Amino acid sequence: MANRPAFFVRQGNVISETYSFEWYSGFAVSQKQKSVRSLHNAIIKANINAKPLEVSTKSEEAAGIKLSAFNLKINSNTLENIFQSAKVFENGGPYLDLLDVPPKEAKRDKRLHSSGNLKAFRYQNEDFPLIPQTAFYDFIYITAIKKSFTAKEIQAILDYDFFTDIEFNPAKSINTQARAAAILRLIVGEYGYLPAFNKEEFIQYHKEHVLYDGF
């Protein structure tokens, strides 16, 4: 058995609940998809008529694959490269050269672990604070959606009400595309479209509507 969170909108906020489900070990996509189906069955069992969406390259639905952070880019840069290259540390950064290497290489760059404590994220000459947690990641995720999705594709997210990321383990990381997708659904559901938030507007919206529930 395993435990994973699902993110959803309730009373105008993005929140999460953790579900227990049967885990299928192995690195094959087919094994990951078995785990996704098991997790989604647990969600549906607890929430009648729920329509969950796996947001990752392991999704069995085209919408979930397209919403995966690995498939989203801003000006030809992947979200992973943007995220890692934006980190500002006590003793270095941002390391903009990380925009031009493979995403996995950017994530493993030694400087990210030897430059002291993380202080902020710098993106397009603006500094994003570390609090609220995940605000910068969620901002670039939604910015990428705004730039690359059609209005019809953005509206299609309203067809789903629970969002999962089978690879996300809150004991090991904070950011997840599932939370970002739930924020996207909240915004589109509220506005009827996806507005172009600036940094200050998005951070304030995030503070008011995203609840972390411990992770």
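The values are calculated or read from the model by the stated rules, or taken from the named source; none is laboratory data. No experiment lies behind these values; they were computed from the predicted model shown. Neighbour counts are summed over all protein chains in view; Cβ atoms, including those assigned to glycine, are modelled from backbone coordinates with ideal geometry. Just so you know, the surface numbers come from the protein's heavy atoms only, side chains and all, with ligands and any DNA or RNA stripped out. Shrake-Rupley method; radii C 1.70, N 1.55, O 1.52, S 1.80 Å.
Of the DSSP beta bridges with both residues in the chain, give the percent that are antiparallel, rounding to the nearest 5.
Approximately 85 percent, going by the DSSP bridge assignments.
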(request) Evaluate the distance, in nm, between pseudo-label points positioned 7 Å from the Cα of LYS146 and of GLN31 along their respective Cα→Cβ axes. (result) 4.0
(message) Through the Karplus equation 6.51 cos²θ - 1.76 cosθ + 1.60, θ set to phi - 60°, convert the phi angles of region 182-191 into ³J(HN,Hα) values in whole Hz; use x for Gly and Pro.
(response) 5, 5, 4, 5, 4, 5, 5, x, 7, 8
(message) Students often get this wrong, so check it: of LYS34/LYS73; LYS119/LYS152; LYS58/LYS146; LYS45/LYS152, which have C-alpha atoms separated by over 26 Å?
(response) LYS34/LYS73; LYS119/LYS152; LYS45/LYS152
(request) Give the span of the chain's Cα atoms along each principal axis, as three whole-Å numbers ordered largest to smallest. (result) 50, 41, 31
(message) Per residue of region 61-69, what does 6.51 cos²θ - 1.76 cosθ + 1.60 with θ = phi - 60° give for ³J(HN,Hα)? Whole Hz please, x for Gly and Pro, Karplus curve as stated.
(response) 10, 4, 4, x, 5, 5, 6, 4, 4
(request) Any chance you could run the full-extension gain for ASN3 through ASN41? It's 0.36 nm times the residue separation minus the Cα-Cα distance, nm to one decimal. (result) 12.4 nm
(request) Please give the length that would be gained between ILE174 and ASP127 if that part of the chain were fully extended, namely 0.36 nm times their separation in residues minus their C-alpha to C-alpha distance (nm, one decimal). (result) 15.0 nm
(request) Identify the trypsin sites (Lys or Arg not before Pro) of region 116-194 meeting these criteria: DSSP loop state and at most 11 other C-beta atoms within 10 Å of the C-beta. (result) LYS172
(request) Mind running the shape call on region 103-215? Use the C-alpha gyration tensor, a ≥ b ≥ c as the square roots of the eigenvalues: rounded below 1.5 for a/c, prolate if a/b tops b/c, oblate otherwise. (result) prolate
(request) Please calculate how many Å² of accessible area region 95-215 carries per residue, with a 1.4 Å probe and no DNA, RNA or ligand atoms counted. (result) 53
(message) Out of the total accessible area of the chain (probe 1.4 Å, heavy atoms of protein only), what percent is carbon and sulfur?
(response) 50
(message) Report the Cα centroid-to-centroid distance between region 1-52 and region 153-215 in angstrom, as an integer.
(response) 16
(request) Starting from the Cα of ASP97, step 7 Å along the direction of its Cβ; do the same at ALA50; then give the gap between the two resulting points in nm. (result) 4.6
